[in-house]
1. Hey, any hits in the stretch 197-212 for a residue that's assigned to a strand (DSSP E or B) and either closer than 29 Å to Asp141 by Cα or not basic (Lys, Arg) (or both)?
2. Tell me the residue from Asp222, Asp215 that is surrounded by fewer than 17 Cβ atoms within 10 Å (Cβ to Cβ), at pLDDT below 95 and not in a helix (DSSP H, G or I), please.
3. Working carefully through the options Ser41, Ser31, find the one that is hydroxyl-bearing (Ser, Thr, Tyr) and under 30 Å from Glu83 (Cβ atoms).
4. Taking the stretch 134-167 on its own, how many of its residues are within 21 Å of Asn240 (Cβ to Cβ) and of a type in the set (A, V, I, L, M, F, W, C)?
5. Can you name every residue in the stretch 232-257 that is in a loop (DSSP other than H, G, I, E, B) and either loosely packed, with under 12 Cβ neighbours inside 10 Å or aromatic (Phe, Trp, Tyr) (or both)?
6. Return the residue satisfying two criteria in turn: it lies in the stretch 297-313 and is in contact (Cβ under 8 Å) with a residue 12 or more places away in the chain and surrounded by fewer than 17 Cβ atoms within 10 Å (Cβ to Cβ), and of such residues it is nearest to Lys124 (Cα to Cα).
7. Which residue pairs have Cβ atoms closer than 6 Å, lie 6 or more positions apart in sequence or on different chains, and pair a first residue in the stretch 123-143 that is surrounded by 11 or more Cβ atoms within 10 Å (Cβ to Cβ) with a second residue that is part of a loop (DSSP other than H, G, I, E, B)?
8. Looking only at the stretch 253-271, decide whether some residue is in contact with a strand residue (DSSP E or B) (Cβ under 6 Å, 6 or more places away or on another chain) and either in the same structural domain as Val415 (by TED's automatic domain parsing) or free of Cβ contacts under 8 Å to residues at least 24 places away in the same chain (or both).
Amino acid sequence: MIIKNSSKKENNEAELIIEAEPEEVEAAVHSAFLKNKNRISVPGFRKGKAPRKIIERMYGAEIFHSDALDILLPDALGFAMKESELNTVGYPKVNDVEFIDNNTRVEITLIAALHPEVIVGNYKGLKAPKPAVEIPESEIDNEIESIRKRNARIEKADRAAASGDIAVIDFEGFVDGEAFEGGKGENYELELGSGSFIPGFEEKVEGMNVGEQCDLELVFPDDYKEELAGKPVIFKVTLNEVKEKILPELDDEFAMDVSEFDTLDEYKADIREKITTTRQKDIDETFESVLIKQVVESMEADIPEAMVEEQMEISMENFNKQMSAYGMTPTRYMQMTGATPESFRERMRDSSEKQVKVKLALEKIAELEGIEVSDEEIEDEYKAAAERFNTDTDKLKETVTRDTIMRELKLRGAVKIVVDSAIAEEPDDEDEEKTSDKNDSTAKNPAVKKGDADNIDDKKEQEK
């Protein structure tokens, strides 16, 4: 094959005219003949025995052209991607195909998206709020208390249910006198005060005695699932058993039981260090995110749709793998979250477009800064990645190319230049409020018990 012509068009596109030469066309047509000859009837010949010339004379030379093009086109697309000197994005689209020179050659016209020209504004000396890490003693105490609760003994209690107890209950909910799906449970262990059920439920169970039956008159929250939101509900509840948590004493022995430390003070110091490290990581990531957003906002680039579509395919593939790991299909996830294929795809488009913009901006910075990656750095990254994914380095090299690793390291280098040159500012009250909202926000339960969709979201957050 040869590239007969290439020319840039409007909208960051180029037209490529690829010509398949006679020997290539002949080979493709002959393969099409071999594929189809057993299905073609020719008088005087058994099926599959008629010569190609006879078939073409009887049905026309074009009879094998369609299948021949199916053979030629993938080769033409690959050839165009490899041999074109244009910086193309994704796979070219076929615009026209024509047999020429008495059907001995094929001319294929392709339209290819071009990598956009990128202009970035100032990316050094940017400013963004970055608070200092402050861990109050109360946060350490809360963490210790949480650990005590996880290590508590559970014992049967012969008294009325109280906050912090585990109430073993039978319950069934009725709206307008009718039971509703998901509103019934038997011998359900409910930790009172956990906020697992709708507001008011757990508070009304407090004070009940074993064997007591009670009708709890409540109202579903306005942000509940649509068919029940804001509606009055009656839960018929029977308290079968009360279990209380006996917390361990807060002393050195407790520290030795739950950690590798000999004293409670050492254990608390370790907890503080870990919380500080996690909080600092969150602050650093937020700082970096704000800076990169500024870089992207200053960027000028006419991004071709093909780049966004390509990123959407990658994002969808990653999402499908993630859902598969949770034992769920994307369709099921959309049903649970109330999304439609159209709204889900649009959401995927928005995030993919942002990813493309970030990548383009960082690639340009890496180019402007002349960032280079050594063989040693690539090998170190292979080893680190293999360790993260618990796999062998050689196996990883079979699936992840050196070019991929090199591009990733260059992008990281660009991010480092932006962050290292940035100026950290004291956050104002509004910035602190946003950070606080981000750290303290919790999703409201969309069902009487936490639904599957919430659990998926929790796992996704943990993955991050």
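1. No, because not a single residue in the stretch 197-212 is assigned to a strand (DSSP E or B) and either closer than 29 Å to Asp141 by Cα or not basic (Lys, Arg) (or both).
2. Exactly one residue qualifies, and that residue is Asp222.
3. Being hydroxyl-bearing (Ser, Thr, Tyr) and under 30 Å from Glu83 (Cβ atoms) holds for just one of Ser41, Ser31, which is Ser31.
4. Qualifying residue count for the region: 8.
5. The answer is Glu249, Asp251.
6. By that ranking, first place goes to Ser298.
7. Taking only residues 6 or more apart or on different chains, the pairs are Lys124/Ser421; Leu126/Ala422; Pro129/Pro427; Pro131/Pro427.
8. No, every residue in the stretch 253-271 fails to be in contact with a strand residue (DSSP E or B) (Cβ under 6 Å, 6 or more places away or on another chain) and either in the same structural domain as Val415 (by TED's automatic domain parsing) or free of Cβ contacts under 8 Å to residues at least 24 places away in the same chain (or both).
The values are calculated or read from the model by the stated rules, or taken from the named source; none is laboratory data. These figures come from a predicted structure and were not determined experimentally. In this analysis, Cβ positions are derived from the backbone assuming ideal geometry, glycine residues included, and neighbour counts consider all displayed protein chains.
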